[in-house]
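For reference, the structure is listed below as structure tokens.
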Amino acid sequence: MSKKIVAFGEVVWDILPDGKILGGTPSNLVFRCNSFNEQGFLLSRVGDDDLGREALKRLGELQISDENVQIDQEFATGTVHITFDENHDPQFMVTPDVAFDHIEFSAEALKLSRDADCLFYGILPQRFGLSKNTLRELIKESPDSIHFFDLKLFEHFFNLQVVENLLAVSNIVRIKEKEIAFLSDELKIGIYDVESFCRSLIQKYKIDLILVTRGQNGIFALHRKKGVYIDSGFQIEMADNIGSGMAFSAGFLHFYLNGKGIQQAINFGNAAGALNATKLGATTFFNKKDVVQFMKNTSKNLVS
């Protein structure tokens, strides 16, 4: 039976050097979960404007339901201006105070979250009060769902209290390795070694599982009781890495929620993220069979 994964947060237009693409971490996750035959649900908000109507049309083309995408009469649809550094890593400039900052608590959102196998969220929609309060209530009212916190940092927004509050109520946390030093300083942990940092984070916030995405070096994971898991990176020719983190997360959840072990889950997720990086953008379609074939045919790096 397919699992229900609810992704709370932003729907945005990514403004790239050569045009715009519909994006946002939650919508990218839902797209990829659906491609692995899970039931992905998007809980978001767009403006009652041309970009909002275009976003709803594009969601339909991507076979993402807009049933739980609210329409805002006052605030505009979100946009993110993206450039790339010398390592092909995207740099994000997010427009403040837009529709996804004002996601309302509703009976529909409550039922969706309570029925979810996994409730997924990040920090970006926590910039202002309404979405922040809505997510807090949804987490509180969904004790039987796995709470998955994607702790991806965004320039111009980091609220220590928000991050600590979310860490304290999350079962699974994904972190980028390159952001550990910043997080260690902000959270007053003062440890920069990946494993030691994760152990301190688990102890401080009672997290079950931390997933660290390490780019070309693959995945590091630490479970509170079961210990360390590692999978090395793949040797690929990168197109871009937009959406690769969500491809990893969707691949991981596809195995993890269906009762597979953590090692199997990070192996499949790692391959899904790497395959995504060989494609342009976050929504080039591939399925489980494609990932399995990629795993068989692609060499891995020796250093994990």
Members of the range 273-304 found to be in a loop (DSSP other than H, G, I, E, B) and either basic (K, R) or farther than 17 Å from D240 by Cα (or both), listed by number: K279, N287, T298, S299, N301, L302, V303, S304
V80 fails exactly one of the following numbered conditions: (1) in a strand (DSSP E or B); (2) of a type in the set (A, V, I, L, M, F, W, C); (3) without any contact (Cβ under 8 Å) to a residue 60 or more places away in the chain. What is the number of that condition? (3)
Does at least one position in the range 71-93 carry a residue that is under 18 Å from A109 (Cβ atoms) and of a type in the set (S, T, Y)? no
Scan the range 139-165 for residues that are under 24 Å from F41 (Cα atoms) and among the hydrophobic types (A, V, I, L, M, F, W, C) and jot them down. I139, I146, F148, F149, L151, L153, F154, V162, V163
Taking K226 as the residue in question, decide whether it is surrounded by fewer than 14 Cβ atoms within 10 Å (Cβ to Cβ), more than 22 Å from P26 (Cα to Cα) and either within 16 Å of the chain's Cα centre (by Cα) or in contact (Cβ under 8 Å) with a residue 24 or more places away in the chain (or both). yes
The number of residues in the range 40-97 that are closer than 17 Å to F8 by Cα, exposed (fewer than 14 other Cβ atoms within 10 Å of the Cβ) and modelled with pLDDT of 95 or more is 1
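The values are calculated or read from the model by the stated rules, or taken from the named source; none is laboratory data. Treat the numbers as computed from the prediction; the structure is a model and nothing was measured. Heads up, the Cβs are rebuilt from the backbone with ideal geometry, glycines too, and the neighbour counts pull from every protein chain shown.
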